[in-house]
Amino acid sequence: MSQLLKSLQNNRVVPLVESNNPTTALKVSEALLKGGLNVLEVVLRTDQALNCLEAIVKEFPQAHVGAGTVLNADQSQEVIRRGASFIVSPGLDVSSIEVAHAAEITILPGVATATELQKALNLGVKTVKLFPASLVGGPKILKAFSSVFQDMQFMPTGGVNPNNLLEYLSIPSVLACGGSWLTPGDAVESKNYDAITKLALEAIKLTQLK
Ligand code: 3PG
């Protein structure tokens, strides 16, 4: 098992880092690491997202820094060039999967249906993001998928929060859950990085209840 998968299994939650400012992104990442989380997903949703990714990779070599909201092969190549150690997509894009596999990097393409899961499986993908998890069926659909796609590991994302986290994590095929609840926009904007550390600590505490 790769170091990344081991860390995902240990962390059990993957916070999203979304910022248009590399300095802020570094502060958010520092707060998450201080709280004990070392797998971060930097989402490509701002003009400066690639620079944020690169800065975090350089500053925190001890962390697994992935890129999220990666939509195509060009972006996949670019995030690899900037040092991403894994790729997450909202949907399943064959060319992105090919780029990730050629670079021997873990990719978690988004899936919401059995057809997409089957396609992912037949492309050699072993880890997927169920997205948007709460809207496509939540823990119930995950259990149904898991009984059919027995070797697939899932990272449900979309609507995961402290109230439903343990329900997802109790499903054996769930590696970790992704989500933005660990890095709320208001805490980032007000530079309340201690609040982010606190959320990370609380999430870890919660996962240990399982
Ligand atoms: C994602 O990018 O994976 C989702 O937007 C995260 O969903 P959430 O905001 O409900 O956690």
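Pairs of Lys residues in the chain that lie 8 or more places apart, or on two chains, and have C-alpha atoms under 16 angstrom apart add up to 10.
For segment 1-135, the gyration tensor built on C-alpha atoms gives a prolate shape. Its axis ratio a/c (a ≥ b ≥ c) is at least 1.5, and a/b is the larger of a/b and b/c.
Go through 188-196, 40-48 and give me the packing order, highest mean Cβ count within 10 Å leading. Spell out each step's value before the answer.
Values: 188-196: 15.8, 40-48: 19.9.
Most protected by this proxy first, the peptides run 40-48, 188-196.
A helix-only calculation puts the chain at -13500 deg cm²/dmol for mean residue ellipticity at 222 nm, using -39500 (n - 2.57) for each DSSP H run of at least four residues, averaged over all residues.
Every read-out reported here was derived from the displayed coordinates using simple, explicitly stated rules and does not represent laboratory data. Please read these numbers as outputs of a predicted model, since none were measured by experiment. For neighbour counting, all protein chains shown are included, and Cβ atoms are generated from backbone atoms with ideal geometry for every residue, glycine included.
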